[in-house]
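> What follows is a single structure, and I will ask about it in a moment.
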Amino acid sequence: MDAVTSAPARIILICSGKGGVGKTTLTANLGIALARLGERTVVLDADFGLRNLDLLLGLENRIVYTAQEVLAETCRLEQALVKHKQEPNLALLPAGNPRMLEWLTPEDMQRIVAMVAERADFVLIDCPAGIEDGFKNAAAAAREAIVITTPEVSAVRDADRVIGLLNTRGVAPVQLVLNRVRPRMMASQEMLGVEDVTDILALPLLGLVVEDEQVIVSTNRGEPLTLNGNGSPAARAYQNIARRLRGEDVPLEDPSKARKGLRARLMNKIRKTTGLF
Amino acid sequence: MTLFDFIQRLLGRQKPSGTMAKERLQLVLAHDRSDLNPELLEQMRREILEVVQRYVEIDIEEGDVSLETEDRVTALVANLPIKRARPLPALVAAAVGKAQAPGPETPQELAVPLGSEPAEDQSPADPD
Ligand SMILES: Nc1ncnc2c1ncn2[C@@H]1O[C@H](COP(=O)(O)OP(=O)(O)OP(=O)(O)O)[C@@H](O)[C@H]1O
Ligand SMILES: [Mg+2]
C-alpha cells in the first residue's frame, strides 16, 4: 500500500558477542519504544537456538506460525507476524524450531528480512550470542548495528570481535549501548568507565542503561519497561535510545548524577581534587 | 570496595580495578586485532632485534617491541635505545643513510600500522 512511498526500513542488528549482556531486553524495549513513537516496527527473533524475545514481550502464547513456515511458504508473512496488543505498531516475527539452525542460510535470512522490511520503518534483529553461523545468518541482512556490552573485560573483548566482523561486512553505522552500568562503582573506578569503553571500542555511544531491578520485574511480567511509561532509570534510558535512533538530539544521561549520598559525593570530590586514588 | 582495598589504594599500592581492566583490555585487544599471539610476537621481537643489531648497537635489555592499539588501528611499536652506530661498510651506510642517523642513546620509535581488521574466514554466498 503506502510501502511504495515510504522511506526504506532501517534494518538494525542487535548483537554483543558475549551472551547474557542484554540483547533481547534491549530489542524488546526498543521495539515498544519505537512503536510508541509511531514507527511501524518489527522485531525478529534470530536466536533460533534459544528463542526468548516472545517471552520478554509477553507474546509467547500467541504464536501460531514462525519464520520457519514463512520460509517454507506454508504460511503468509501476515499470518506469522504477532501483533502486540497494546502497541499495534509493533509485531514480532517468532523464531522457528531450533532445528532451523541445520538448514538456515544467510540467503534465507535476507529473503525473510526483505519481506518484513516492506511493511516496516524499523526492523530490529535480536542476534544470538557468539560469532559463528548464528551471528553470520543474523548479520546477513542487517544494514546497521547496535553492539551492546557491559563494562566488564570479557564482554568488551567479545564486543570488539563482533565490531571487527561488522566492519569487514560493511555494516554501518555501528553504535554502542553500555548496559548494566553501576554509577557508584564507576565513580570509585572499580568498573570500566564510560569513556574507557567508548575509547577502547572506538564506537559512538548510543546510550547508557544502568543496572536496574525493574528490568527483572518487567521480564517476569512479560511487559517491557517502556510499555507503561514507567519512570525507572532503565525505562528512560531505553526511551532515549529509541529517540536517538530516530535522529532526535537527546543528551546522554550522566550516570554519576544518579548517585546519591553525601559520603559518595565527598569521596568523589576528594579523589578529583587530590588525584590521590 | 573493601576497607583493605581502600587502604591499599590510599597507600598507592594498588590501582583501582577499573584502571587495571582498561590496561589489560588494551593489551589483549592489540593481540586479538592483529591476530598475533604472544609467542609469535616474541619470535618477531627477537628477529627484529637481530636485524637492528646488525646496523646499530642497541641495549637488548631496554629494547621493547610491542603492539599498541588506538581507534581500532593496531601498530607495532619498537622502542630501541641505541648505544652507538656500528662502523658500517659504505654500501650499507648508504642504504640506511636515507633515514636520518640518530645520536647515541636516542630511543628510536618505529610505528608500523598493521591491518586494522582481521579478514573473515568465510566466502560470501556459497550456493548449495
Ligand atoms: N540494565 C539491566 N539491569 C538489570 N538486569 C538486566 C539489565 N539488562 C539485562 N538484565 C538481565 O540480564 C539477563 C540477560 O538479559 P538478556 O536475555 O536480554 O541478554 P541476551 O544478551 O539477550 O542473552 P543471550 O545471549 O542469552 O541471548 C536477564 O536476566 C536480564 O533481566
Ligand atoms: Mg537473547
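The values are calculated or read from the model by the stated rules, or taken from the named source; none is laboratory data. Bear in mind the structure is a predicted one, so any value in this text is a computation, not a measurement. No Cβ is skipped: glycine too gets one built from the backbone with ideal geometry, and neighbour counts run over all protein chains shown.
> Which members of the range B:1-19 meet the condition of being surrounded by 14 or more Cβ atoms within 10 Å (Cβ to Cβ) and either polar (S, T, N, Q) or more than 7 Å from chain A (Cβ to nearest Cβ) (or both)?
B:ASP5, B:PHE6, B:GLN8, B:GLN14, B:LYS15, B:SER17, B:THR19
> If I ask for residues that are farther than 19 Å from A:LEU13 by Cβ and part of a loop (DSSP other than H, G, I, E, B), which ones from the range A:188-211 would you list?
Passing the criteria: A:SER188, A:GLN189, A:GLU190, A:MET191, A:LEU192, A:GLY193, A:GLU211.
> Restricting attention to the range B:48-69, report how many residues are of a type in the set (S, T, N, Q) and within 30 Å of B:ARG24 (Cβ to Cβ). First the steps, then the outcome.
We begin by selecting, within the range B:48-69, every residue of a type in the set (S, T, N, Q); these are B:53, B:66, B:69.
Then keep just the ones that are within 30 Å of B:ARG24 (Cβ to Cβ); that gives B:66, B:69.
So the count comes out to 2.
Residues checked against (1) within 14 Å of ligand 2 (Cβ to nearest atom); (2) surrounded by 20 or more Cβ atoms within 10 Å (Cβ to Cβ):
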{"site": "A:ILE125", "(1), (2)": "yes, yes"}
{"site": "A:GLU132", "(1), (2)": "no, no"}
{"site": "A:PHE135", "(1), (2)": "yes, yes"}
{"site": "A:ALA140", "(1), (2)": "no, yes"}
{"site": "A:ILE146", "(1), (2)": "yes, yes"}
{"site": "A:GLU152", "(1), (2)": "no, no"}
{"site": "A:ALA159", "(1), (2)": "no, yes"}
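> Okay, next question. So in the range A:235-252, with the set limited to residues that are buried (at least 20 other Cβ atoms within 10 Å of the Cβ), in contact (Cβ under 8 Å) with a residue 60 or more places away in the chain and away from ligand 2 (no atom under 16 Å from the Cβ), which one is nearest to A:PRO173 (Cα to Cα)?
Across the range A:235-252, the extreme among qualifying residues is A:LEU245.
> Additional query: Taking into account only those residues within the range B:33-45 that are in a helix (DSSP H, G or I) and over 12 Å from the mean Cα position of the chain (by Cα), which is farthest from the other protein chains (Cβ to nearest Cβ)?
It comes out as B:GLN43.
> Specify which of the listed residues (A:VAL210, A:VAL217) is at pLDDT 85 or above and either exposed (fewer than 14 other Cβ atoms within 10 Å of the Cβ) or in contact with a Cys (Cβ under 7 Å, 6 or more places away or on another chain) (or both).
Matching residue, one of A:VAL210, A:VAL217: A:VAL217.
> Something else: Determine, yes or no, whether A:LEU178 is touching a residue at least 40 places away in the same chain (Cβ under 8 Å), touching a strand residue (DSSP E or B) at 6+ places or on another chain (Cβ under 7 Å) and away from chain B (no Cβ under 12 Å).
It is false that A:LEU178 is touching a residue at least 40 places away in the same chain (Cβ under 8 Å), touching a strand residue (DSSP E or B) at 6+ places or on another chain (Cβ under 7 Å) and away from chain B (no Cβ under 12 Å).
> Going through B:ALA30, B:ALA75 one at a time, which residue ends up being small (Gly, Ala, Ser), more than 11 Å from every other protein chain (Cβ to nearest Cβ) and in contact (Cβ under 8 Å) with a residue 24 or more places away in the chain?
B:ALA75
> Keeping to the range A:136-157, report how many residues are facing chain B (nearest Cβ under 10 Å) and of a type outside the set (Ser, Thr, Tyr).
7
> Find the residue count for the range A:220-230, including only residues that are crowded, with 20+ Cβ neighbours inside 10 Å, more than 16 Å from ligand 2 (Cβ to nearest atom) and part of a loop (DSSP other than H, G, I, E, B).
So the count comes out to 0.
> Identify all residues within the range B:29-62 that are crowded, with 16+ Cβ neighbours inside 10 Å and either out of contact with any strand residue (DSSP E or B) (no Cβ under 8 Å at 6 or more places or on another chain) or charged (D, E, K, R) (or both); write none if there are none.
Within the range B:29-62, B:ASP32, B:ARG33, B:ARG45 qualify.
> Ok, one more. How about the range A:116-155: which of its residues are touching a strand residue (DSSP E or B) at 6+ places or on another chain (Cβ under 7 Å), within 12 Å of ligand 1 (Cβ to nearest atom) and assigned to a helix (DSSP H, G or I)?
A:PHE135, A:ALA138, A:ALA155
> Quick one: A:GLU144 ticks every box in (1) without any contact (Cβ under 8 Å) to a residue 24 or more places away in the chain; (2) over 17 Å from A:ALA234 (Cβ atoms) bar one, so which box is it?
Of everything listed in (1) without any contact (Cβ under 8 Å) to a residue 24 or more places away in the chain; (2) over 17 Å from A:ALA234 (Cβ atoms), A:GLU144 misses just condition (1).
> Now for a different question. Would you be able to tell me the number of residues in the range A:83-105 that are under 26 Å from A:ARG161 (Cβ atoms), part of a loop (DSSP other than H, G, I, E, B) and away from every other protein chain (no Cβ under 14 Å)?
Counting residues in the range A:83-105 that are under 26 Å from A:ARG161 (Cβ atoms), part of a loop (DSSP other than H, G, I, E, B) and away from every other protein chain (no Cβ under 14 Å) gives 2.
> Would you mention how many residues in the range A:15-25 are under 8 Å from the mean Cα position of the chain (by Cα) and more than 9 Å from ligand 2 (Cβ to nearest atom)?
Selection size over the range A:15-25: 1.
> Further question: Quick check on the range B:63-94: of everything there that is modelled with pLDDT under 75 and in contact with a strand residue (DSSP E or B) (Cβ under 7 Å, 6 or more places away or on another chain), which residue is surrounded by the most Cβ atoms within 10 Å (Cβ to Cβ)?
Only one residue fits best here, namely B:ALA85.
> Taking A:VAL113, is it among the β-branched types (Val, Ile, Thr), away from ligand 1 (no atom under 15 Å from the Cβ), more than 12 Å from chain B (Cβ to nearest Cβ) and assigned to a helix (DSSP H, G or I)? If you could, list the steps in order and put the result at the bottom.
Values: among the β-branched types (Val, Ile, Thr): yes; away from ligand 1 (no atom under 15 Å from the Cβ): yes; more than 12 Å from chain B (Cβ to nearest Cβ): yes; assigned to a helix (DSSP H, G or I): yes.
In short, yes.
> Search the range A:230-277 for residues being within 14 Å of chain B (Cβ to nearest Cβ) and in contact with a Lys or Arg (Cβ under 7 Å, 6 or more places away or on another chain), and hand back the single one that is modelled with the lowest pLDDT.
For the range A:230-277, the residue satisfying everything is A:PHE277.
> Can you tell me which residue among A:ASP121, A:ASP133, A:ASP160, A:ASP108 is touching a Gly at 6+ places or on another chain (Cβ under 9 Å) and within 12 Å of chain B (Cβ to nearest Cβ)?
A:ASP160
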